[in-house]
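A short worksheet on the structure shown next.
The values are calculated or read from the model by the stated rules, or taken from the named source; none is laboratory data. Computed from a predicted model, the values in this text were never measured in an experiment. Neighbour counts run over all protein chains shown; Cβ positions are idealised from the backbone, glycine included. In case anyone asks, the SASA skips ligands and DNA or RNA and just uses the protein heavy atoms, side chains included. Shrake-Rupley method; radii C 1.70, N 1.55, O 1.52, S 1.80 Å.
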Amino acid sequence: MLDLARRFLAKYRRLLVLGPACKLIEAVFDLITPLVIARMIDDGVGHGDVDVIIRLGIVLLVMAVLGLCFTLVCQKTAALVSQGSGTDVRNALFEKVNEFSYTELDRFSTPSLVTRITNDVNQLQVAVAMLVRQVIRWPFLAIGSMVAALLIDFKLGLIFLVVTPLIAFIFWSVMRRCIPYFRGMQAKLDRISLITREALSGVRVIRAFVRDDAEERRFDTATADQTDTAIAAGRLSALLNPATLFVMDMGVVAILWAGGNQVMVGELTQGQVMAFVNYMTQTLLSIVYVANLVVIFTKASASAARVKEVLDTPVSICDGPGAEGSGCKDSPAISIQDVCFRFPDSGKDTLSHVSLEVAPGQTLGIIGGTGSGKSTLMALMQRLYDATSGSVLIRGVDVRDYRLDELRGTLAVVPQAPSLVSGTLRENLVWRDSQATDDELWHALELAQAAEFVRRMPEGLDSPVEASGKNFSGGQRQRLTIARALVGRPSILLLDDPFSALDYATDRSLRDALAADDPSRTTVMISQRVSSVREASLICVLDSGRVIGLGTHDELVDTCPVYKEICLSQLRPEEVGA
Ligand SMILES: Nc1ncnc2c1ncn2[C@@H]1O[C@H](COP(=O)(O)OP(=O)(O)OP(=O)(O)O)[C@@H](O)[C@H]1O
Ligand SMILES: [Mg+2]
């Protein structure tokens, strides 16, 4: 927590002094008030002197107004510091998460990152506001009231010295048991947001499979778990008020009794006894607030740890020195050399000893069953993950030597799940080249077989896109992501099952359009359909992460039984050829 404070509060140094200083002045007024009231009772009420009562009344009023002004300044600084630093932390987190490679994203999981950026930062903001407004005030009042009471009368002060530690002890023992619950609640919140996210993003599938009830039960279990923890913590803290008030009231009774006796023998005035009672309540109230602060700071320290964990996680994939000048002209466009890959938490290799080469202008088709590692191989080409062993070369240069923007500028990717973001079509299309002209966008749409339906939309390129592009059909989304990849004329195009939502005729015309557009472009195409890859210059057949066939269609039909089997399952024997 201190580390975060040093990082994010340093620039608010002046406000952090000004706010508490104002609060301190107000606290001084609070401390003087019981003395003024004591004077009012003894000199004013006691002697029937209305003048004194009015004069001291005005003093109280002035102190109240001044106190209010200082408090307002303090509130304002608290808002500036807490909202300002909260925004800084949130931006820093967002920036960091954007740098994360897939390895780190897998490790934290999206829902947990979302909770950290929202809820955890909120907890920190509350703590910072409290830091400015209350951290000086309550301890100062607690100790100040105690000292003032002891100065009035040491003997009565002894009651104070018994009651205060007793209340502090009650707080300490309750809080000690509550704090683990508070820490646990944050982790449980993560789980709730995970389930909410899954249920909301998969709502259609869940309905289609009539899994509503199961999902609801899963959600209920998670919320019940969170509720139980909150109730357990609530039960414990519910003890606090009655217990402390009881001790406090006993203290007041003791003071009135002992103080009354002293008033009788003339050792104390009535006003002094009243001041004493006031100081006593003020001290105990302060302890209640201090305890609240402890709760807030405990929650905040749990949140701070979670925020810091994200900020301190090193990014495993970062820029290389840059590829300019290295590599030679006639090196292959893509070269995979004896690559093995294993996901961090997986027990076995997802890819093992994969080797292949694609010359510039050629097309590589990748075919294989579900889970055979096709998308993973493509992820390695983009350096979303680093290979566990072996190397991936793009145009003769190891992907680790590229700057990331350089590498991702060279490659254009159509991911397996088409992803559009809310905004306009144009905004979605210019991701690779923000300077692209309308002509270039239309050309890309034309190639991707998307121009027709975009033209039919009244606003054309400025048509709105809703979150995740849900106002487009699956096939339309797929074509739009293909168009996006083509903007900026990439020299290497990676397509991950881009035709899964397209009919055979569109699939055909798309492939023809791509081939005719730029013969020098290297294309890698993952597909489950033999018809999509059979014309490729090189076809790679993957099975459980191993290459079990590499060659042209005709070669593979002869040499690779698995490929032949796939062909026969999709084509008529006379179409298989060879
Ligand atoms: N982030 C991940 N963490 C751990 N394991 C993963 C992860 N992503 C994929 N895998 C595993 O790696 C294997 C290969 O996955 P991959 O996505 O490459 O398959 P694929 O060939 O593209 O399949 P599909 O045709 O269904 O898209 C699968 O067994 C999968 O369980
Ligand atoms: Mg895949």
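When ligands, DNA and RNA are left out and all protein chains stay put, how many square angstrom of accessible area per residue does the chain have with a 1.4 Å probe?
Values: 28670 Å² over 578 residues.
With all protein chains present, the chain gives 50 Å² per residue.
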Among the lysines, which have Cα under 20 Å from the Cα of Lys564 when same-chain residues fewer than 8 positions away are ignored? Lys374
Nearest 10 degrees is fine. How inclined is helix 137-152 to the longest principal axis of the chain, computing both from alpha carbons? 10
If the reach is capped at under 18 angstrom between alpha carbons, list the aspartates and glutamates near Lys329, excluding any in the same chain fewer than eight residues apart. Glu357, Asp398, Asp401, Glu406
Accessible-area composition of the chain, carbon plus sulfur, in percent [1.4 Å probe]: 60
With viscosity set to 0.692 mPa s and temperature to 37 °C, compute the Stokes-Einstein D of the chain, Rh being the Kirkwood radius across alpha carbon pairs; µm²/s, no decimals. 110
Can you sort Ile143, Ile334 by 1.4 Å-probe accessible area, starting with the largest? Ile143, Ile334
Over what distance in Å are the Cα centres of segment 268-299 and segment 434-510 separated? 68
Once both axes come from the Cα atoms, what is the angle between helix 561-570 and the longest principal axis of the chain, in degrees from 0 to 90, rounded to 10? 90
If unit charges are put on Cβ atoms (+1 for Lys and Arg, -1 for Asp and Glu) and the dipole of segment 2-312 is taken about its Cα centre, the option from Leu80, Tyr289, Leu141 lying farthest towards the positive end turns out to be Leu80
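Ordered by packing density, taken as the mean number of other Cβ atoms within 10 Å over each peptide's residues, highest first, how do 479-488, 344-353, 515-524, 207-216 rank? Present the calculation step by step, with values, prior to reporting the outcome.
Values: 479-488: 24.8, 344-353: 14.0, 515-524: 16.1, 207-216: 11.4.
Order by mean packing, descending: 479-488, 515-524, 344-353, 207-216.
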The correct ranking of Met1, Met248 by accessible area at 1.4 Å, largest first, is Met1, Met248
Relative to the chain, whose Cα atoms define the longest principal axis, helix 504-517 and its Cα axis are tilted in degrees, nearest 10, by 80
Simple Cβ-charge dipole of the chain, Lys/Arg +1 and Asp/Glu -1, about Cα centre, in debye nearest 20: 1600
The local net charge around Gly44, scoring Lys/Arg +1 and Asp/Glu -1 for residues other than Gly44 whose Cβ lies under 13 Å from its Cβ, equals -2
Segment 134-182 versus segment 3-70: alpha-carbon centroid distance in Å: 20
Say R0 is 35 Å: what FRET efficiency, to the nearest 0.05, do Phe343 and Lys11 get from their beta-carbon distance? 0.30
Ranked highest first by the average count of other Cβ atoms within 10 Å around their residues, in what order do 532-541, 502-511 fall? 532-541, 502-511
At Leu151 and Glu565, where each label point lies 7 Å from the Cα along Cα→Cβ, what is the point-to-point distance in nanometres? 9.3
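Accessible area, 1.4 Å probe, largest first: how do Asp330, Asp42 sort? Walk me through the numbers on the way to the answer.
Values: Asp330 135, Asp42 35 Å².
Greatest to least solvent exposure: Asp330, Asp42.
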Would you list which lysines come within 27 Å of Lys188, measuring only between C-alpha atoms, while excluding same-chain residues fewer than 8 positions from it? Lys96, Lys299, Lys308
Put one equal scatterer on each alpha carbon of segment 89-172, apply the Debye formula with no solvent term, and list log10 I(q)/I(0) at q = 0.14, 0.23 1/Å to two decimals. -0.67, -1.07
Where Lys and Arg each count +1 and Asp and Glu each count -1, what net charge lies around Thr376 among other residues with Cβ under 14 Å from its Cβ? -1
